[in-house]
1. Can you give me the C-alpha center-to-center distance between the stretch 181-238 and the stretch 85-125, rounded to a whole angstrom?
2. Would you pull out the residues with amide H under 5 Å of S181's amide H, same chain only if 5 or more places away, H placed 1.01 Å from N?
3. Run down the lysines and flag those whose C-alpha is under 28 Å from the C-alpha of K254, throwing out any fewer than 8 positions away in its chain.
4. Going by amide H atoms built from the backbone, whose H comes under 5 Å of the H on C27, apart from near neighbours?
5. Percent of Cα-Cα pairs more than 23 Å apart in the stretch 26-132, please.
6. Rounded to the nearest 10 Å², what accessible area does W80 show when all protein chains are kept and the probe is 1.4 Å?
7. What part of the accessible area of the chain, given as a whole %, is carbon or sulfur when the probe is 1.4 angstrom?
8. If you count only protein heavy atoms and use a 1.4 Å probe, how large is the accessible surface of K186, to the nearest 10 Å²?
Amino acid sequence: MVLLQSRYFNQQQLYDVSDPLHPRLLCRISYTSAHLFTGDTFEYLKPVSASETDVMLRSLGSGHESVAGKLPFYAADAAWLPDQSVVAYTIPVAPDNAAYPNGGLAVHLYAHQQDSLLLSYPIPAIDCICRFGLPPQILALSPDGQYLVEGWPIHGASGPLAVYRVSDRTIAKTLDPAVGSAFWDKAGHRLFIGRGPGDAEQSWTPETGVTGLTGAPGWQFLAGQSPDGSQVAYTAYLDSPAQNQLRVYVYDFKAGTARMLIDKLRSQVLFVKDGWVWYLEEAACDPAACNAPWGTQPTGKVFALQISGGGETEVTFAIEENPVAPSDGINPVLFGPGEFWPTT
């Protein structure tokens with residue numbers, strides 16, 4: 001299974017990808033946060049009151065739901081460990097006429113059965129007329145539960161991205177203000193960080209600090225790892241300054257090299273299982289007519305490609321099951337890297 005993650009909103013789509021060319025939509029999850037738990041179940045958050053949120057366990061086979069745990073606070077947008085011992089979550093801050101004219105977000109950390117407010121920051125009144133929109137909010141726990149990375153890299157909305165130690169809730173590292181993306185390795189607490197199209201990718205650990213990754217150019221957009229953690233799929237422009245000619249790539253950690261998967265207009269590549277990726281077809285359009293100054297837009301077609309070799313094949317979805325082309329039009333925001341089962 002693969003749980004696709006929307007870029008901005010609490011929207012996820014779960015697919016059976018036993019056959020990545022003919023997948024099956026299992027469910028859509030909206031207005032909450034969810035994680036895969038086993039091969040037949042997933043967990044999601046169900047706020048009950050201002051002081052209680054149920055962690056619900058749902059079986060895909062039977063449809064049965066049960067309460068797997070209770071959290072002593074309201075949370076719909078959150079990241080948590082499987083044992084629920086550590087939870088990071090955000091809650092909205094109401095607009096005011098001073099520090100939060102457009103509202104804000106309060107970032108909380110629950111650990112050792114204690115809930116703490118780490119910081120609050122305003123939501124800026126800004127938009128981006130660009131293919132991939134504004135960078136999303138970042139809120140992620142390291143797989144070992146020792147660190148939290150948080151922030152929203154939109155013109156300094158939250159200040160620089162910061163890494164907190166869960167043990168004492170102190171800042172372990174304040175990242176360079178130019179860093180606009182960050183995600184954790186599949187195990188431990190290595191954090192991958194990206195600055196921009198012209199900068200090489202880097203990583204951070206508390207043991208080594210910030211270091212470069214051999215042969216890794218900037219993973220410009222929507223980077224995500226393979227289930228086994230050996231590769232990263234990402235989208236980038238051939239001509240970054242002009243935002244021209246989108247292509248899809250895979251970086252291999254062992255080889256220390258990145259390669260273009262196909263020399264055609266393609267975007268938003270992501271792994272769906274080991275050895276297999278999906279990505280979107282892009283097509284040129286009249287910038288004025290399609291409201292896209294960069295001159296391309298997704299067509300609604302999803303292609304699959306086996307990394308080990310072979311050509312691309314259009315993925316066949318049942319009616320109403322295409323992740324980017326539901327009945328109300330094409331929406332590429334819904335198509336982003338997420339979680340897998342099996343996890344390796």
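1. 27
2. Hits under the 5 Å cutoff: G194.
3. K173, K186, K264, K273
4. L14
5. On the way: 2235 of 5671 pairs.
The calculated P(r) of the stretch 26-132 puts 39 percent of pairs beyond 23 Å.
6. For W80, the solvent-accessible surface is approximately 20 Å².
7. Within the chain, the accessible surface is 52 percent carbon and sulfur.
8. Accessible area of K186: about 80 Å².
The values are calculated or read from the model by the stated rules, or taken from the named source; none is laboratory data. What you are looking at is a predicted structure, and each value in this text was computed from that prediction instead of being measured. These accessible areas exclude ligands, DNA and RNA; they are computed on the full protein's heavy atoms, side chains included. Shrake-Rupley method; radii C 1.70, N 1.55, O 1.52, S 1.80 Å.
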